[in-house]
Structures are given as C-alpha cells and as structure tokens.
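*Asks:* Take this structure first; my questions come after.
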Amino acid sequence: MEKTIAKRILRRFSEKLEDSLELDVAIVGAGPSGLICAWDLARAGKKVAIFERTLKPGGGIWGGAMLFNEIVLQEEALHVLDEAGIRYSAMEDGLVTADSVEVASALIYRAVHAGARIFNGVTVEDVIFKEDRVTGVVINWSPVLDEGLHVDPLMVEARCVLDAGGHDAHLTERIAKKAGVKLETATGGVIGEKPMWAVKGEEATVENSGRILPGLYVSGMAANGVHGSFRMGPIFGGMFLSGKKVARQMLEELG
Ligand code: 48F
C-alpha cells in the first residue's frame with residue numbers, strides 16, 4: 001500500500017510537470033493579478049501554469065490589512081467577484097468589503113478548475129532569454145534556494161511570461177540586469193515603487209500592466225514597481241483589473 005501511494009503521487013506529479021514544460025503562458029506568482037490572469041487565459045483555452053514561491057497561493061490576499069482578514073474593492077471590479085461567486089458587503093462610499101479567505105480560496109479554485117496549473121513551493125529564479133526575447137522560465141524548489149543548496153534548476157518554455165511576483169519586481173529587475181536590456185519604461189530600467197497613495201496606485205496598476213520586453217509582461221504591484229508608481233494597500237480592484245488586462249493583451253499576442 002505505501003509503495004502504491006508513493007508511486008501514484010510520483011507518476012501523477014511527473015505527468016503534470018512534464019506536460020507543463022511547454023506553455024502558452026508561464027506566470028510568476030499566485031497573487032490576485034496572477035490568479036485572475038491565469039483564470040482568464042485557461043478559460044480561453046490557453047495552456048498556463050503559475051509558479052508560486054510559497055506553499056500558499058493567494059499572495060497578499062489572505063492577510064487583509066494588518067491581519068484583519070477583510071479586503072476592500074471598488075465598483076469597477078465587482079463583476080469579477082460576481083463571476084467568481086464571491087460574496088461581499090453592501091456598497092458604502094463606492095466600496096465593498098469581502099472576506100479575504102473567501103476571495104483567495106475562490107480565485108485559486110477558479111484558476112485551477114479552469115485548467116491552469118499551480119506549482120507551489122517553486123521559485124522562478126531566472127528566465128530563458130534568446131535573441132532579445134524572454135522564451136521561458138527557470139525554476140527550482142524554494143527550499144533548495146532558501147537553503148542555498150548548489151542544485152541546478154529545470155527549464156520551462158513559454159510563449160509569454162508574466163511577472164506577477166508583487167512589490168519589489170525583483171525578477172524583472174534581475175532579467176534587465178543580467179540580459180543587459182532596456183525595459184519599456186520611462187528610464188529603461190526598474191524605477192521602484194513609490195509610497196502609499198491609494199487612488200493613484202489603483203489607477204496606475206492597471207495602466208502599467210502590460211508588456212515590458214518581448215515575451216515578458218508585468219501585472220499587479222510588480223507593474224507599479226517597474227514603472228515607479230504608488231502603492232495602494234488593501235484595496236484590490238486594481239489588482240483584479242490588472243490581471244484581466246494582461247490576459248487580454250497576451251491573448252491578442254498569442255492569437
Ligand atoms: O504580491 P502579490 O499578492 O501579487 P499582486 O498580484 O497583488 C498585490 C496585493 O496582494 C497587495 C496590494 C493590494 O492591492 O498591494 O500586495 O501584485 O503576490 C505575489 C506572489 O508572487 C510570489 C509571492 O510568493 C507571492 O505569492 N513570488 C514572488 N516572486 C516569485 C514568486 C518568484 N520569483 N517565483 C515564484 N513566486
């Protein structure tokens with residue numbers, strides 16, 4: 001019995017990973033923008049996987065604000081809550097609140113159920129970069145990297161890569177530095193996030209979401225980090241709309 005349990009897990013996981021070695025879209029990070037983008041792409045029939053550093057897809061959703069596990073959303077994003085079947089409070093001053101655990105679990109379920117795969121405990125440590133284009137991601141087990149073990153990674157080819165890795169836009173910064181390329185930003189590099197200004201931050205995250213290099217897109221707080229825009233704290237409508245916007249753009253590119 002024990003041997004059979006182990007065999008079944010090994011076989012099924014290997015099938016999943018092997019089938020994900022050539023993707024339409026590889027997404028770095030399972031925060032709100034990455035999950036919503038994955039959900040839309042999978043619904044459109046694209047082969048998509050999210051690689052999430054932690055064991056816990058959902059990124060910054062779970063903790064609400066200062067561990068008060070409610071998040072705020074504005075009217076423009078309510079259709080996403082409705083589509084996902086997430087409940088929310090009555091509208092007051094143009095804002096609703098939703099239970100962060102319900103939001104995180106619903107978005108994870110929707111993405112996976114639509115056909116996106118989430119590999120948790122896996123960090124994207126680099127990208128494949130050929131002829132001035134990002135053509136995939138380089139992955140390793142997060143504990144291997146945390147322990148500083150000298151273990152070579154595996155590679156996943158993808159027609160598009162999305163950096164949805166959150167605040168510091170580390171991965172995009174690393175790519176620009178290592179590949180010695182200019183990003184499609186005002187300075188040609190990662191500008192770095194500004195302090196809190198909720199309204200401006202929310203507008204900017206949608207505006208900034210998009211292609212930053214051939215083959216590479218940014219969304220969510222990574223987009224604001226790359227373009228040097230404000231943060232917004234526990235209001236999430238911008239993250240939702242950012243994920244939807246990059247999904248639309250990638251669908252156009254992928255055809
Ligand atoms: O930061 P995060 O939640 O992404 P987001 O879509 O949303 C931001 C909001 O949660 C919040 C906010 C309010 O609107 O400002 O902060 O921008 O989630 C990013 C996820 O990416 C993972 C990280 O563990 C987190 O779950 N991640 C980051 N770098 C990597 C990564 C990497 N190199 N490889 C894999 N996962």
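*Asks:* Greater than 20 Å separation of Cα atoms is the criterion. Which listed pairs, K56/K245; K16/K46; K130/K182, meet it?
*Replies:* The pairs that break the limit, which is 20 Å between Cα atoms, are K56/K245.
*Asks:* Using a basic spin-label model with each label point 7 Å from the Cα along Cα→Cβ, how many nm lie between E252 and N120?
*Replies:* Here the answer is 3.5 nm between the modelled labels.
*Asks:* Length gain on complete extension for the stretch D19 to E207, per 0.36 nm per residue less the alpha carbon to alpha carbon distance?
*Replies:* On the way: separation 188, 0.36 × 188 = 67.68 nm, distance 3.36 nm.
Extra length available between D19 and E207 comes to 64.3 nm.
*Asks:* Within 10 Å, count the other beta carbons around each residue, average over each peptide in 160-170, 109-119, and list them highest first.
*Replies:* Taking the mean over residues of other Cβ atoms within 10 Å, the ranking is 160-170, 109-119.
*Asks:* To check my understanding: the extent here is largest minus smallest coordinate of the Cα atoms along each principal axis. What are those three numbers for region 2-254, in Å, largest first?
*Replies:* 55, 50, 37
*Asks:* Okay, next question. Quick one: accessible surface of F13, probe radius 1.4 Å, all protein chains present, in square angstrom to the nearest 10.
*Replies:* Accessible area of F13: about 70 Å².
*Asks:* Arranged from highest to lowest average of other beta-carbon atoms within 10 Å per residue, in what order do the peptides 174-182, 85-93 appear?
*Replies:* Put in order of decreasing packing, that is 174-182, 85-93.
*Asks:* Report the semi-axes of the equivalent ellipsoid for region 67-172 in whole Å, largest first, where each axis is √(5λ) for an eigenvalue λ of the Cα gyration tensor. Before the final figure, lay out the partial values.
*Replies:* Working: eigenvalues 236, 54, 39 Å².
Each semi-axis is the square root of five times an eigenvalue, giving 34, 16, 14 Å.
*Asks:* Counting heavy atoms of the protein chains only and a 1.4 Å probe, report the per residue accessible area for the chain as a whole number of Å². Walk me through the intermediate numbers first.
*Replies:* Numbers: 12780 Å² over 255 residues.
About 50 Å² of surface per residue is accessible.
*Asks:* If the chain between L55 and K178 were fully stretched, how many nm would it gain, using 0.36 nm times the residue separation less the Cα-Cα distance? Let's see the in-between values first.
*Replies:* Working: separation 123, 0.36 × 123 = 44.28 nm, distance 2.78 nm.
This chain segment gains 41.5 nm when fully extended.
*Asks:* Roughly how many percent of the accessible protein surface of the chain is carbon and sulfur, given a 1.4 Å probe and a whole-percent answer?
*Replies:* 55 percent
*Asks:* Now for a separate question. For an R0 of 22 angstrom, estimate the FRET efficiency from the Cβ-Cβ distance between A90 and L67 and round to the nearest 0.05.
*Replies:* 0.35
*Asks:* Relative contact order (percent) for region 132-255, with alpha-carbon contacts under 8 angstrom and 6 or more residues of separation?
*Replies:* Once divided by the residue count of region 132-255, the mean separation gives 27 percent.
*Asks:* To make sure I understand the rule: partners must be aspartates and glutamates, Cα under 14 Å from the Cα of K177, and not fewer than 8 residues away in the same chain. Which ones qualify?
*Replies:* Within reach: E125, D126, D132.
The values are calculated or read from the model by the stated rules, or taken from the named source; none is laboratory data. Everything numeric in this text was worked out from a predicted model, so none of it was measured. Heads up, the Cβs are rebuilt from the backbone with ideal geometry, glycines too, and the neighbour counts pull from every protein chain shown. Just so you know, the surface numbers come from the protein's heavy atoms only, side chains and all, with ligands and any DNA or RNA stripped out. Shrake-Rupley method; radii C 1.70, N 1.55, O 1.52, S 1.80 Å.
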